[in-house]
Amino acid sequence: MKNKIALLFMFVCVLFTHQVLAQNEETIKIDFLKPGQELKDRNLEYKTKYILKIENINRNLYKVESAITSENVNATMPDIFKGIKLPGYLNLAVPKISSTTGPLAASPISRSNYKTTIEGHLKTINESNATFKKTAVLNNDFINLFNTCNTEYKIIEQNLIDKVNTYLGSKVTDRATQSDKIKSTLENVINSSETARDQLDLVVPKYTYEIDKEIKSNTKVILKWEKEPVNKKDAKYDRSLIAYEKAKDENESYTKLKDSINAVIVKTNESVATMIKFRDENKINELVNNYNIINESNFTFTSEPILVKTDETKFDIKITSDKLLPCNLTDKVHILETLKTKGGWKIDFSTGIFFNGGNDDFMGRELQYQPITDSTVTIKNKDGGDRILLSLGALMHIYRRTGKSVNYALSPGLSTTTAFDGVNFHLGASVLLGYKNRLVITGGLVLREAKILDKNYNYNTEYLKKEIPESPPTIKVFPKAGWFFSLTYNFSEFKS
């Protein structure tokens, strides 16, 4: 039985401790794009942890300085974006080899696989350049979206997803998947271009070697004709002349083709070298970072949490921009709000004037001898009419915060008369009006030390003059109860 009682006691203690230590957490949300609805007309709950969150604010354009402080009133006793330098090859158009080989359509070289292979590799590099042109546009989209300042983040993010899907030719909605696909697409493009260039380095010399062989063969025909021209009367004249003219035309075309190929290969090598440099200098990851940097945290300000344990919490949020904004929004916003606390017991003080009243014993009697005969007197109380005892003092106010300008308190206190001839003890109920400039109206019970007739004597009793003291005999007694009403001013408090 004792064990069960002990276990029950432990359970109650644990439950009580949990209730005492438990803290609620709440987020105060502000939409930066909707001014005027900031923090007004609300109270904060005592022993609740609050976090201020400002949504739809572009942290790339605005700097936020946050100072959230709490205090007891009447207390006497605040480079994200780094752009990518787009490579020069994005505007390079590699000439098609087919555009330079028209005269060779019937030559033996055109029937080889070299020309087709070269055109295939150049096509791969051309497609890579086309992808990088789209990449340049996409990166500009990232820049523009990251500099948006008058659009809700959810709209910005949806635009981002749509533009990336257009670039990828996909319908992906997951941001992480999109990020991976951007990276893999660029890596595949660059790797395929590098492979195509390496293959060109192998095939082009073989192709130009075949061209040189044709040029050499044609040169023999040309030289033979020029050194030993056939007589016009010779039956071989027409055939030899046609062969001579064809050889000259072909050599001219072959020379232009070689020049074209060499020019294309030079540009191709430059293009692919720039791609490889882009990859090796980690520019792909920078591009992906420009995508990933458009995230909710960079369009949201979140303050440090603050646990409410005092009378008020002051939010001092300064939002400024030192850039020229791309939208018609103000470049300075100052949120300065003080929120009152609701709940939690506290103690504070006030001082002021007390009006005290009660019966004659409480007020203290003013005694005098009243003659009866020449030798006898009686003791009487002077009749001064109704009296109020004024005093100056302080009250302690014990109350639970309402979060409003009116609070109700239990108020013990002390006061003394202007002559400082005694101390009065007060216990009353108070109405606390106002907040920082607080007038307190209190009424209740007052106890004090009072002067009364010595208990060895009585009123209205005849005494011989020679048997009594020169002045009416009095004694001081405590406590004597009365009532009081006070007007005091709240000036200090203890932390609860």
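The values are calculated or read from the model by the stated rules, or taken from the named source; none is laboratory data. Since the model is a prediction, treat every value here as computed from it, not as a measurement. Ideal geometry is used to build each Cβ from the backbone, glycine not excepted, and the neighbour counts take in all protein chains shown. Keep in mind that these areas ignore ligands, DNA and RNA; they rest on the heavy atoms of the full protein, side chains included. Shrake-Rupley method; radii C 1.70, N 1.55, O 1.52, S 1.80 Å.
Per-structure values
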{"item": "Cross-link pairs 123/277; 34/436; 133/171; 213/233 - those with Cα-Cα distance over 27 Å", "result": "34/436; 213/233"}
{"item": "C-alpha center-to-center spacing [region 378-455, region 257-284] in angstrom", "result": "95"}
{"item": "Largest to smallest accessible area among 421, 201 [probe 1.4 Å]", "result": "421, 201"}
{"item": "For residue 375, solvent-accessible area (1.4 Å; no DNA, RNA or ligand), Å²", "result": "60"}
{"item": "Chain lengthening between residue 123 and residue 449 when straightened (0.36 nm per residue, less Cα-Cα)", "result": "106.3 nm"}
{"item": "Residue 331-residue 152 FRET efficiency (beta carbon distance; Förster radius 22 Å; 0.05 resolution)", "result": "0.65"}
{"item": "Heavy-atom accessible area ranking, 1.4 Å probe, most first, across 180, 141, 174", "result": "180, 174, 141"}
{"item": "259, 316, ranked by accessible area, largest first (probe 1.4 Å)", "result": "259, 316"}
{"item": "Residue 484 accessible area, assembled protein chains, probe 1.4 Å, Å²", "result": "10"}
{"item": "Region 227-349: mean projected area of Cα convex hull, nm²", "result": "19.3"}
{"item": "Distance (nanometres) between label positions extended 7 Å along Cα→Cβ at residue 183 and residue 267", "result": "3.4"}
{"item": "Relative contact order computed over region 425-496 (Cα-Cα under 8 Å; 6+ residues apart), in percent", "result": "41"}
{"item": "Nearest-0.05 FRET efficiency for residue 59 and residue 406, computed from C-beta distance (R0 51 Å)", "result": "0.75"}
